[in-house]
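Data first, discussion second: the structure below is written as structure tokens.
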Amino acid sequence: MKRLAKDTAIYGLSSIVGRFLNWMMVPLYTRVLAGGTRDFGTVTNLYGWTALLLVVLCYGMETGLFRFINKKEEREPMRVYGTTLYSTGFTSILFLALCMWLLHPLSLWMNYAAHPEYIGMLAAIVAVDAFCCMPFAYLRYRRKAVRFATIKLANIGLTILLNIFFLVVCPLVHSSHPGWMEWFYKADYGVGYILVSNVIASVFTFLALLPEILPGFRAGMDFRVLKQMLAYSFPILILGIAGILNQTADKILFPFLFEDKAFATAQLGVYGACFKIAVVMVMFVQAFRYAYEPFIFARNRGGDERKAYAGAMKYYIIFAWVIFLGVVFYLDDALKYFVDAKFYPGLKVVPVVMLGELCFGIYFNLSVWYKLTDRTVWGAYFSIAGCLSTIAIIVLFVPHYGYMACAWASFASNLLMMTLSYFVGRKKYPVSYDLRSALLYGLLAAGLCAAGMIPHIEPAGLRLLYRTVLWLLFVGFIIRRDLPLSEIPYIGQYFRMH
């Protein structure tokens, strides 16, 4: 558990700090983009497509890499890695070529006929990032968490600097000395500059990963291994597509569900900006996933480690509730200022989205049974069920209830997948999860949330103090019951010495 916590913390540095820095761009986007909610809706829609296409172009090869490179009978682990590089490299180049060939029909279908270059840049970002997923996965396999985090943070830092340059510095210079900027700068090209910044950062990441990429290419490709990996990973691809649709179907489908495209894009912008506030839970789940997947396959090499899997689930749930209460308690009086006032009507989606992400993290924990038993087809079944429920709720209810239906669709689908995986897993690969603790912490968090939100306390400072006390009570209960300070790395050393 300590080893998993340490890796989660390091991966979390790149994930949490990176997401936090991106999160800090939300105030800039919501205040600087000329189109306001509509421009932010465009950004939300484009990056929804990006997330979906990344899953398609990785087609489960990350999980396949961990599975096959850790197999006891595998004598050439580097050749497994090389096989994933050749495979994803070919498909990424093919995807980029097809998008460029069909650029104008695609931009027309996606309602970007006025800016087909948006689709071209999106395709370039996806192609490069999908290929880079394999060297990043190899760094995780080699437990090079610091290098992994460094490159990730450098990518995000460069993206942010370029955004600030194009969206803040250039307009200031252009307003006083327009002649200096005319050769490359357009004052009304805000969304385009966000994409330009991402393209440059993706190319930088590819170059930074060359020390990991070149040895893999030199190791060559094994078609026998590729065939086995594709068979193993294909259900994970279906799982991944369905899973990412649970998270992005709302952002992709929303503009197609209204006749007034400008209204739809503006509403999507409100939803997308407020969704960003809930990203605190998303980044915790992502950090945990980065550390958990190599952890479970490495532990599995040494035998049955179901007790460790149950422990990981317990502590995931504990910390997820800590994050949930923290965000909900500070949403009205602090966190809402990360977006412009015109986006405030969408704040009500934040608790619902976070609950959905909490359920998704539990589902990811539960997925250990079908990954370790090579029954990944079950993951595809669960994700398809969740995906269908998401799309059905969005299509049926978004035209009537707007973006709130999107938030509830995400929660409902994740809850469904979590429930199905738990009950099927009990028969196929039973793990003794601590359900008593899970129920206790869930009920306690719900009670504290109600106690913090129902009373109308004024002024805001007193309200914040009251909610902070409730949050600290929850943390204190955790430390008292399940997380003694003497067991925490570094902190525990101090307590043992004194």
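The values are calculated or read from the model by the stated rules, or taken from the named source; none is laboratory data. This structure is a prediction, so every number in the text was calculated from the model and none was measured. A quick note on method: Cβ atoms are made from the backbone with ideal geometry, for glycine too, and the neighbour counts reach across all protein chains shown. Heavy atoms of the whole protein, side chains included, go into the accessibility calculation; ligands, DNA and RNA do not. Shrake-Rupley method; radii C 1.70, N 1.55, O 1.52, S 1.80 Å.
Of everything in segment 467-498 that is within 24 Å of Tyr441 (Cα to Cα) and of a type in the set (D, E, K, R), the residue that is modelled with the lowest pLDDT is Glu487.
Scanning segment 76-114 for residues that are closer than 25 Å to Leu210 by Cα and either touching a strand residue (DSSP E or B) at 6+ places or on another chain (Cβ under 9 Å) or aromatic (Phe, Trp, Tyr) (or both) yields Tyr81, Tyr86, Phe90, Phe95. For residues in segment 450-462 being open to solvent by less than 70 Å² (accessible area, probe 1.4 Å) and part of a loop (DSSP other than H, G, I, E, B), which is modelled with the lowest pLDDT? Taking the candidates together, the pick is Pro455. Taken together, Ser410, Ser389 contain a single residue that is modelled with pLDDT of 90 or more and open to solvent by less than 40 Å² (accessible area, probe 1.4 Å), which is Ser389.
Residue pairs whose Cβ atoms lie under 8 Å apart, separated by 6 or more positions or on different chains, with the first residue in segment 107-118 and at positive phi and the second open to solvent by less than 30 Å² (accessible area, probe 1.4 Å), are Asn111/Pro255.
How about segment 270-297: which of its residues are among the hydrophobic types (A, V, I, L, M, F, W, C), modelled with pLDDT of 80 or more and assigned to a helix (DSSP H, G or I)?
From segment 270-297, those among the hydrophobic types (A, V, I, L, M, F, W, C) are 270, 273-275, 277-285, 287-288, 291, 295-297; that's our starting set.
Of the ones still in play, those that are also modelled with pLDDT of 80 or more are 270, 273-275, 277-278, 281.
Selection gives Val270, Ala273, Cys274, Phe275, Ile277, Met281.
Of all residues assigned to segment 134-151, none qualifies as being among the small types (Gly, Ala, Ser) and assigned to a loop (DSSP other than H, G, I, E, B).
Among the residues making up segment 106-138, a single one is under 20 Å from Gly64 (Cα atoms) and of a type in the set (Ser, Thr, Tyr): Tyr138. Return the residues of segment 241-259 that are open to solvent by 20 Å² or more (accessible area, probe 1.4 Å) and either among the polar types (S, T, N, Q) or under 18 Å from Tyr363 (Cβ atoms) (or both); say none if nothing qualifies. Correct list: Ile241, Ile244, Leu245, Gln247. Among the residues making up segment 96-119, those that are surrounded by fewer than 18 Cβ atoms within 10 Å (Cβ to Cβ) and assigned to a helix (DSSP H, G or I) are Ala97, Leu98, Met100, Trp101, Leu103, His104, Pro105, Leu108, Trp109, Pro116, Glu117.
Checking each residue in segment 395-404 for being of a type in the set (A, V, I, L, M) and either at pLDDT 95 or above or surrounded by fewer than 18 Cβ atoms within 10 Å (Cβ to Cβ) (or both) picks out Val395, Leu396, Met404.
The set of residues in segment 338-375 that are surrounded by fewer than 21 Cβ atoms within 10 Å (Cβ to Cβ), hydroxyl-bearing (Ser, Thr, Tyr) and at pLDDT 85 or above contains only Tyr344. Only a single criterion out of (1) surrounded by fewer than 17 Cβ atoms within 10 Å (Cβ to Cβ); (2) part of a helix (DSSP H, G or I) is not satisfied by Pro235, namely (1). Taking (1) at pLDDT below 80; (2) in contact with an Asp or Glu (Cβ under 8 Å, 6 or more places away or on another chain) in turn, Asn300 satisfies each apart from (2). For Trp378, the criteria (1) hydrophobic (A, V, I, L, M, F, W, C); (2) open to solvent by 20 Å² or more (accessible area, probe 1.4 Å); (3) at pLDDT 90 or above hold in every case but one, which is (3). Out of (1) of a type in the set (Gly, Ala, Ser); (2) modelled with pLDDT under 80; (3) assigned to a helix (DSSP H, G or I); (4) surrounded by fewer than 23 Cβ atoms within 10 Å (Cβ to Cβ), what's the single condition that is false for Ala262? Every condition holds for Ala262 apart from (2).
Restricting to helices (runs of 4 or more DSSP H) lying wholly in segment 168-223: which have 2 or more residues that are surrounded by 14 or more Cβ atoms within 10 Å (Cβ to Cβ), in contact with a Gly (Cβ under 7 Å, 6 or more places away or on another chain) and modelled with pLDDT under 90? So that I can check it myself, show each step before the final result.
Numbers: elements: 170-176, 178-181, 190-208, 210-219.
Once the helices (runs of 4 or more DSSP H) in segment 168-223 are filtered for at least 2 residues that are surrounded by 14 or more Cβ atoms within 10 Å (Cβ to Cβ), in contact with a Gly (Cβ under 7 Å, 6 or more places away or on another chain) and modelled with pLDDT under 90, what remains is 210-219.
Figure legend. Inter-residue proximity from segment 150-172: first residues free of Cβ contacts under 8 Å to residues at least 24 places away in the same chain, second residues not in a helix (DSSP H, G or I), beta-carbon distance below 6 Å, spacing 6+ or different chains. Indicated pairs: Cys170/Tyr185. Across segment 417-432, the number of residues qualifying as open to solvent by 40 Å² or more (accessible area, probe 1.4 Å) and either at pLDDT 90 or above or aliphatic (A, V, I, L, M) (or both) comes to 4.
Could you please let me know if Leu465 is out of contact with any Asp or Glu (no Cβ under 9 Å at 6 or more places or on another chain), surrounded by 15 or more Cβ atoms within 10 Å (Cβ to Cβ) and free of Cβ contacts under 8 Å to residues at least 40 places away in the same chain? Answer is no for this residue. Residues that are within 20 Å of Leu448 (Cβ to Cβ), part of a helix (DSSP H, G or I) and in contact (Cβ under 8 Å) with a residue 24 or more places away in the chain: does segment 336-346 have at least one? For segment 336-346, residues within 20 Å of Leu448 (Cβ to Cβ), part of a helix (DSSP H, G or I) and in contact (Cβ under 8 Å) with a residue 24 or more places away in the chain: absent.
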